[in-house]
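Since the structure comes first, as structure tokens, the remarks are kept for the end.
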Amino acid sequence: MKPMAVLVALALGPVARPVAAAPAVSGPRIEADAAEFSFGRVPNDRAVEHVFKIRNAGTKPLVITRVQTSCGCTAAMMETSVVDPGQTGRLRVSFNPHGQKQVVTRTVTVYSNDAVQPTLALKVTAEVVPAGDEKKAPEPSKRAHAREAKLVFSTACLKCHGPKSSGESGAHLYASACVACHGASGAGVRLGDEVIGPPLRLAGMSVKSGPGLTQTVQAGTGHPAMPGYGKAYGGPLTDAQVASLVDLILKNFAAR
Ligand code: HEC
Ligand code: HEC
């Protein structure tokens, strides 16, 4: 009987959600049909437009007091500034790709008299391409693999992101575990405009001391591609291996 009860509870999960939101329904209540819209590939010579639907799920008229965009290239306008309870208003968002390139994300902020959520942030994204290129197939990725959310030290990943053997240290270890992102001689790696790993040079590094670098390699930076490599932080490297890498960086790379 127990598993059955769990199933019922799971099935009821989504249904139960409005209960939590119930107190907010009195007064005006702003809701958008989507939090984000992607224009896809956009040629750089043509503005594009999208309409978000803004619904008033509350009991009093919703008054849109202001709509703001994060960049002059994006314009947004509510067709009606008051939306009655249960009704939907249209928010027209246009994006002008002129002078932009690559993937851009812009935010549209809607201010209203909804006391629970006085500001609502919506996102639009576009991949701006040279005019005429929008129909071409996207360039094949030069990446070694699809972008991973977070570097994890599973055996499959260690093949390219870890030591080749447990005894490796110094330049050999760097060539196994670090070179893919920080490049030969610590010069850094870029793919197009994107930084895969920054140069390990004193001029640009945020920490420059032996203890600082040791801490960075041991514990990571919080960036998904640069997690803690030290065993104490779930990584594959011993203290001596980390020390050998820091030594290499300081003696051979940092001053270049
Ligand atoms: C065949 C070798 C290989 C394997 C196996 C591998 N990687 Fe990579 N990885 C690379 C190389 C080379 C790069 C450097 C950037 C590039 O070329 O894409 C990289 C880059 C990365 C990045 C940074 C990517 C970015 O876009 O900034 C992450 C994160 C990552 N790998 C995670 C993983 C995870 C997690 C696994 C295991 C599931 C894994 N990798 C397995 C070779 C590999
Ligand atoms: C999958 C890609 C990847 C691999 C492999 C990788 N790093 Fe990094 N590393 C990064 C990225 C990205 C940053 C920048 C992190 C940030 O901005 O928080 C970084 C930052 C660093 C920094 C700090 C630089 C500064 O500005 O202070 C050091 C030091 C460093 N890495 C050393 C290493 C060493 C040593 C190895 C090999 C054990 C290694 N990294 C392996 C991607 C990688």
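Quick note: the coordinates plus some simple rules give every number you see, no bench work behind them. All of these numbers come straight from a predicted model, not from anything done at the bench. Don't worry about glycine lacking a Cβ; one is built from the backbone with ideal geometry, like all the others, and counts go over all protein chains shown.
For G89, what residues show an amide H to amide H distance below 5 Å, using hydrogens built from the backbone and excluding near sequence neighbours? Here the answer is I54, R55, N56, since their amide H atoms fall under 5 Å of that of G89. Shape of segment 155-253 from the C-alpha gyration tensor: rounded (a/c under 1.5, with a ≥ b ≥ c the square roots of its eigenvalues).
When the helices of the chain are scored as -39500 (n - 2.57) per DSSP H run of n ≥ 4 and the total is divided over every residue, the value at 222 nm lands at -6500 deg cm²/dmol. Rounded, prolate or oblate: pick one for segment 97-148, where a ≥ b ≥ c are the square roots of the eigenvalues of its C-alpha gyration tensor, a/c under 1.5 means rounded, and failing that, prolate if a/b is larger than b/c, else oblate. Cα axes put segment 97-148 in the oblate bin.
Convex hull volume of the Cα atoms of the chain, normalised per residue: 227 Å³.
As a length-normalised measure over Cα pairs under 8 Å and 6 or more apart, the relative contact order of the chain settles at 14 percent.
Taking Cα atoms only, the orientation of helix 210-219 departs from the longest principal axis of the chain by about 60 degrees. Any idea what angle helix 2-21 forms with the longest principal axis of the chain, computed on alpha-carbon atoms, 0 to 90 degrees, nearest 10? Between helix and principal axis, roughly 60 degrees. In terms of the mean number of neighbouring beta-carbon atoms within 10 Å, the peptides 162-169, 237-244 order highest first as 237-244, 162-169. The slack between E194 and T221, meaning 0.36 nm per residue of separation minus the straight C-alpha distance, is 7.9 nm. Pairs from the table (K53/K136; K164/K231; K159/K231; K53/K123; K150/K231) lying more than 24 angstrom apart at Cα are K53/K136. Residues R106, R90, ranked from the fewest to the most other C-beta atoms within 10 Å, line up as R90, R106.
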